[in-house]
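Enquirer: Dumping the structure here so I can ask a few things about it.
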Amino acid sequence: MNSARIQSPGPTSRLSLASGSDLAARAGGSALLEGEAGRLGIYPRLRTLSANSLVVAVLSPFIALTAGHVPRILLAIVILDIPFQFSTHLFYREVDAARGALGGLSISATTIALAGLYVSWFIRSQANRSSDARPSFHINLPLLVYLAITAISVAVAQDVSLSLFEVFLLVEACLVYFYVANNVRTRQDVLFVVSLLLIACLLESMAMILIRFNGMPSTLWGAPTHVHIETDAKEGFMRIGGTVGSSNFAAAYLSISLASAASLLFTNLGRAHKCLAMAVLGLGGVALIFTFSRGGWLALALAVTLICLLAWSRRGFSLKTPIAVLLILGMLYLPFQSVISTRLFGDDKGSAESRIPLMKLAFRIIEDNPLLGVGVNNFTVVMDRYLTPEFRHGFLFAIHNKYLLVLSETGIIGLLAFLAFLLDALRKGWQCWALQERLLSPLALGFAAGIAGHMVHMNVDVFRGRPTQQLVWVVAALLTAMHRMCAAPPDSPFNAT
């Protein structure tokens, strides 16, 4: 029987086993190295992906600002913020504000929205570098001169902080002007802004009427805005300023807005826009009555008279629209005939007469400071030096005349620049009206008439606050944009729909 002999492995076998072990080790090491290399290859990709995600996260707000709807939302905020004033005042000085100065640094929804609008504008302008595709930048020289003179007047101001408050507000209004004047480029853009102006006026009018009949809240529906009401127990009536400010400021806001609404009825727009305009005329007219502002009533009467007369004198316009406007306003007068007559012809307890000493005081200040004035927002600071015995029991407040206020605070050059800015807006409105464009010409007439009425109203009040100034600047910017559209050739970007 054969038995199998098991031989111990020889050198060759040991060598073979050693070689096998070495090959296995190398194979395992190689696999390990390849796995490590694979993992090392993932890390750069992960780092690249993380870096790209970070870039996208950082740039996404700026990318969003270039989207078509975002700039429109921000512009809507600017317009709605005119009457509702979602704002606060930093470093507020109540004593100065009580005498008619701008009492603090106004930070508002407009301030934040403007930052977004200008970032969006810059990004879009960089993305479209073609000079042919970009319209030329509009520069309003009178407005820039007025801003420069106002800023220079800070150097002579006794209270620099007060001056800086108003300079900041004026810079903000100028930024609103330049954005609207340069970015409203089509008729659809104009219609968007006009519609928002009327919607804002309608909402404010409804709020003022509700306030008149439902009590005296300190805020409106819990919003970060304040309600202004003036009561006169002796006269038995309440003057409503709503969220705009004083009753006179609210009346100025309403008179300009109602003139715009009246002009929209003369356009070739559809029923929806004209119904909106009629609602604004109806509710806004009632709200204007509740301000009991004689200057506001006069401003609207002048504006509507100009619109109706000029529209009636032009061929192609029916008499139905002027008659409808006058009927709406006449029907509003009848229920309030007694209180309106009392306000217009009754005893005003020396309200109008108290403005005469303030005018004399302003002329004394102007005589001593004709060139640069006493510094913007510093009338109330220096007026004590010019008081004489007749002011011992008089009404001490900033001069109730915007032109004398500008003259006394910024000098003759400041007043001339301010007037040139307003007159330039009227000129553009008239030229656009003369071109007989079915949409833009009536709107331009209404805006120009509203400014003309407001220029009369400025003879009897301060108008230092943000709402009225911002509204006038927006309207002037719209007139500039519409004038460019009317004067542009048919193939211009301004005539795009």
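Enquirer: I'd like the projected area of segment 224-303, averaged over all directions, using the convex hull of its alpha carbons. Report it in nm² with one decimal.
Expert: 6.0 nm²
Enquirer: Sticking with this one: Give me the accessible area per residue for segment 339-495, probe 1.4 Å, as a whole number in Å².
Expert: I get 38 Å² per residue for segment 339-495.
Enquirer: In percent, what relative contact order does segment 291-430 have, based on Cα pairs under 8 Å that are 6 or more apart in sequence?
Expert: 22 percent
Enquirer: Using a 7 Å offset from the Cα along the Cα-to-Cβ direction at both Ser125 and Ala98, what is the distance between the two label points in nm, to one decimal?
Expert: 4.6 nm
Enquirer: Counting only protein heavy atoms, what percent of the accessible surface of segment 318-370 is carbon or sulfur at a 1.4 Å probe?
Expert: 66 percent
Enquirer: Over the alpha carbons of segment 337-490, what is the largest minus smallest coordinate on each principal axis, giving the biggest first in Å?
Expert: Largest to smallest, the principal-axis extents are 66, 47, 22 Å.
Enquirer: Further, regarding this structure: Tell me, what HN-Hα J-couplings in whole Hz come from the Karplus equation 6.51 cos²θ - 1.76 cosθ + 1.60 at θ = phi - 60° for each residue of segment 276-285, using x for Gly and Pro?
Expert: 4, 4, 5, 5, 5, 4, x, 6, x, x
Enquirer: Between beta-carbons, use under 11 Å as the cut-off and find the net charge around Leu269, counting Lys and Arg +1, Asp and Glu -1.
Expert: +4
The values are calculated or read from the model by the stated rules, or taken from the named source; none is laboratory data. In this text, all values refer to a predicted model and were calculated from it rather than measured experimentally. As a convention, Cβ positions derive from the backbone with ideal geometry for all residues, glycine included, and neighbour counts pool all protein chains shown. Heads up: the accessible areas ignore ligands, DNA and RNA and are worked out on the full protein's heavy atoms, side chains in. Shrake-Rupley method; radii C 1.70, N 1.55, O 1.52, S 1.80 Å.
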